[in-house]
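In what follows, a single structure is set out as structure tokens and then discussed.
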Amino acid sequence: METLQQIANRLKKAKKVAILTHMRPDGDALGSALALSRALEALGIENEVCTETELPSNLLFVDGLQTVKKAPTKEYDLLITLDCSDEQRLGALADEFVKANRQKDTINVDHHISNTKYAKYNFVRECAANCMNVAKLIEYLGVSIDKKTAEYLLLGLLTDSGNFAHDDVTEETLSLAARLVAAGADIHYYNYNLFKKQTKARAKLHAKTMSGMRFFFDDRFALITITREAMKQCEADNGMTEGFVDFPLNVDSVEVAASIMEVNYRQYKISLRTKTYADANKIAGTFGGGGHIRAAGCMLFGDLEDVIDRLSYAVSQYLED
């Protein structure tokens, strides 16, 4: 595995760079990508940020998102993926990566324990947010972190750390946050927009979803389901569901929480959270997914009740007697 210094050296030699991140991007994915993009611009390196899906509505307050493309529109000589554990998480851009991997230099910078090290050059370090890795990479590029870059990095820190509440938050996480605030990032503005501000549609969807919460295994496993019909009724969208899975985890008896969100007919996005001992990454890995010990995800297909049965059985294998 390469060092961040080696990766920085390769980036500095590039003339045009494509920056890709995973489908249905979150704050850490977009924050990582936009921060690196700005650093490359400071070095005079042309680049584009790409993700295959629509940007989540809860992040549209972030300045600069309008520059993100769905696919590269220009030729590039180097491709880098950020916050993406394997090439399939790129969705429709997976073919673009496979083509680049055969013909050009590819780099993978990530923080997921499940990362498959799928690029020619890889740096994977498990930490609270991939923005922590990107912040170090920017330092090795020799670029100072200005206010806008600090805002992008703080976006990733706040979202992936659960507003500094997750158990993988360290002194390094908080120290970086302090540096970003010192560089001009408005932590109160981002905190409000990410965790407090919500539309009437989101409030209605949250109430509807939580009223249908189900419990299993002596209340140690709780799950919520979010259907396309419910989103339609509440005039909500996928981006408004960010953070929903954390609510059932706050129930004192719950060790594992899951959100089952319908994304297409018979296709469900599973988000998992665990509290003290169960391994979310291993549970998601049962179905080809992955992530972190405390937060992971996967996709399941079939009828909803069958999906719930299969997921419940997998979770039961990781609950203590």
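The values are calculated or read from the model by the stated rules, or taken from the named source; none is laboratory data. A quick note: this is a predicted structure, and the numbers were derived from the prediction, not measured. Cβ atoms come from the backbone with ideal geometry, glycine included; neighbour counts cover every protein chain shown. For the accessible areas, the whole protein counts, side chains as well, though only heavy atoms, and no ligand, DNA or RNA atoms are used. Shrake-Rupley method; radii C 1.70, N 1.55, O 1.52, S 1.80 Å.
Side notes on the structure shown:
- Residues in region 112-164 that are assigned to a helix (DSSP H, G or I), open to solvent by 10 Å² or more (accessible area, probe 1.4 Å) and not charged (D, E, K, R): Tyr140, Tyr152, Thr159.
- Hits in region 1-50 - residues which are part of a loop (DSSP other than H, G, I, E, B), open to solvent by less than 50 Å² (accessible area, probe 1.4 Å) and over 13 Å from Leu79 (Cα atoms): Glu2, His22, Met23, Pro25, Asp26
- Exactly one residue among Phe247, Phe215, Phe287 is assigned to a loop (DSSP other than H, G, I, E, B) and at pLDDT 95 or above, and that residue is Phe287.
- With respect to (1) touching a residue at least 24 places away in the same chain (Cβ under 8 Å); (2) surrounded by fewer than 21 Cβ atoms within 10 Å (Cβ to Cβ); (3) not in a helix (DSSP H, G or I), the lone exception for Asp252 is condition (1).
- Members of region 218-244 found to be part of a loop (DSSP other than H, G, I, E, B) and under 24 Å from His166 (Cβ atoms), listed by number: Asp219, Arg220, Glu242, Gly243, Phe244
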